[in-house]
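In what follows, a structure is listed as structure tokens, so that the remarks can point back to it.
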Amino acid sequence: MKKIKLLLLSLFLSVATYAAEEKTAEAIAPSQPGLGLSQSEILIILLLLFALVLLFVSVTLLNAFKVMYQEQLNPTPYSKPVKEEVLDYDSWLKQKPVKPSVWAKLLGLKPIEEEKNLVIDHAYDGIKELNNPVPAWFNFLFFGTMIFAAGYLFYYHIGGYGDLQDKEYENEMAKAQVEKAAYLEKSANTIDENSVKFDNTPMVLADGKTIFNTNCVVCHGDKGQGVIGPNLTDDYWLHGGGINNVFKTIKYGVPEKGMISWEKNLNPKQISAVANFILSLKGRNPAGAKSPQGEKYEEKDLKDNEMKVAKDSVNQADVTKK
Ligand code: HEC
């Protein structure tokens, strides 16, 4: 008996070790990637399962044979079956241990046998009412909300650990501002002479001024009055006024006339800033300004642009106010 069990066990173990070895071999040379299990692995798992079932069946059979064998050797003597007395319903009820199931407990259900005790003393038109207890799940929810409310009150209002709506809104807005700035930063570097927009916000003009002072003053004068390069404060332009033209002139330059292309030294955002700064100089009439060169630039486009930007900034102000 023991020997057979041992034999089966060793059989099972040997299959298992074989499978393990196979697995390490797989690990060294992995089969098709993506497919979780290789065919041989599946086969081994099936084999293992089969071996397990076989083991279980054999042990059960062996035990059964054992019992039969012992019964043969030493049979249990025959005894007359005892007749059980038949109970009527009421005494059966009394005998039956009343053990409500977990489910019944959770639902707050009383067994139907106890209904008699639950009837409330009043009846309308023969309709009786049962005084059923409140179900546990309901109590759980009910008291749960109270506990939650207390926790909530403490966390948000008394302890001040959590942010209230207003604060949360502010946080979100601050986050959005950062994201917006990052986005603008990114998109600003993709602008070109066609997409560039007139922008006279102080920050842009300040940037532009710095760039102008470091790069352009030598030829255009500290006030844009013009030195080697032309006067940038009047209405006359050699290469067209307006943000798009000015951006283009700065970007590509006029190398043959002494105005270099700034594309390599300034990024699009910087060119846009300095272009906007130049446009902001219009009408300043600085002392010693060079006389006008080029053609008078019709400001229609610029106005349109300006109006649009003004409208945009109003909209933005609205947004930030909210
Ligand atoms: C080396 C001298 C020099 C420097 C530095 C220089 N420019 Fe010029 N710029 C000129 C000259 C010369 C012209 C006129 C080109 C022409 O006659 O076509 C000009 C023209 C321009 C024009 C066109 C004006 C018009 O009437 O159409 C703009 C705009 C301009 N420059 C902006 C800039 C800016 C912005 C910078 C600095 C980033 C700068 N320039 C730096 C020499 C210079």
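The values are calculated or read from the model by the stated rules, or taken from the named source; none is laboratory data. These numbers were taken from a predicted model, which means no experiment stands behind them. FYI the Cβ positions are ideal-geometry reconstructions off the backbone, even for glycines, and counts take in every protein chain you see.
Of the listed requirements (1) aromatic (Phe, Trp, Tyr); (2) at pLDDT 95 or above; (3) over 25 Å from residue 6 (Cα atoms), residue 50 misses just one: (3).
Results for (1) within 30 Å of residue 95 (Cβ to Cβ); (2) at pLDDT below 70; (3) of a type in the set (Ser, Thr, Tyr); (4) in a helix (DSSP H, G or I), shown as yes or no for each residue.
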residue: 6; (1), (2), (3), (4): no, no, no, yes
residue: 14; (1), (2), (3), (4): no, no, yes, yes
residue: 19; (1), (2), (3), (4): no, yes, no, yes
residue: 24; (1), (2), (3), (4): no, yes, yes, yes
residue: 42; (1), (2), (3), (4): no, no, no, yes
residue: 60; (1), (2), (3), (4): no, no, yes, yes
residue: 75; (1), (2), (3), (4): no, no, no, no
residue: 79; (1), (2), (3), (4): yes, no, yes, no
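Among the residues of the range 236-251, none qualifies, meaning not one is more than 8 Å from the ligand (Cβ to nearest atom), over 18 Å from residue 199 (Cα atoms), in the same structural domain as residue 298 (by TED's automatic domain parsing) and in contact with a Lys or Arg (Cβ under 6 Å, 6 or more places away or on another chain). Checking each residue of the range 308-315 against the condition of being modelled with pLDDT of 90 or more, loosely packed, with under 14 Cβ neighbours inside 10 Å and of a type in the set (Gly, Ala, Ser) gives no match. Within the range 197-235, the set of residues being within 7 Å of the ligand (Cβ to nearest atom), among the aliphatic types (A, V, I, L, M) and surrounded by 14 or more Cβ atoms within 10 Å (Cβ to Cβ) comprises 211, 232. If you go through the range 246-288 and keep only what is among the acidic types (Asp, Glu) and touching a helix residue (DSSP H, G or I) at 6+ places or on another chain (Cβ under 8 Å), you end up with just 263. A single member of 178, 227, 196 is of a type in the set (Val, Ile, Thr), more than 19 Å from residue 265 (Cβ to Cβ) and either in contact with a Cys (Cβ under 6 Å, 6 or more places away or on another chain) or not in a helix (DSSP H, G or I) (or both), and it is 227.
In the range 252-302, the qualifying residues are those that are part of a loop (DSSP other than H, G, I, E, B) and among the basic types (Lys, Arg), and the one that is farthest from the ligand (Cβ to nearest atom) is 284.
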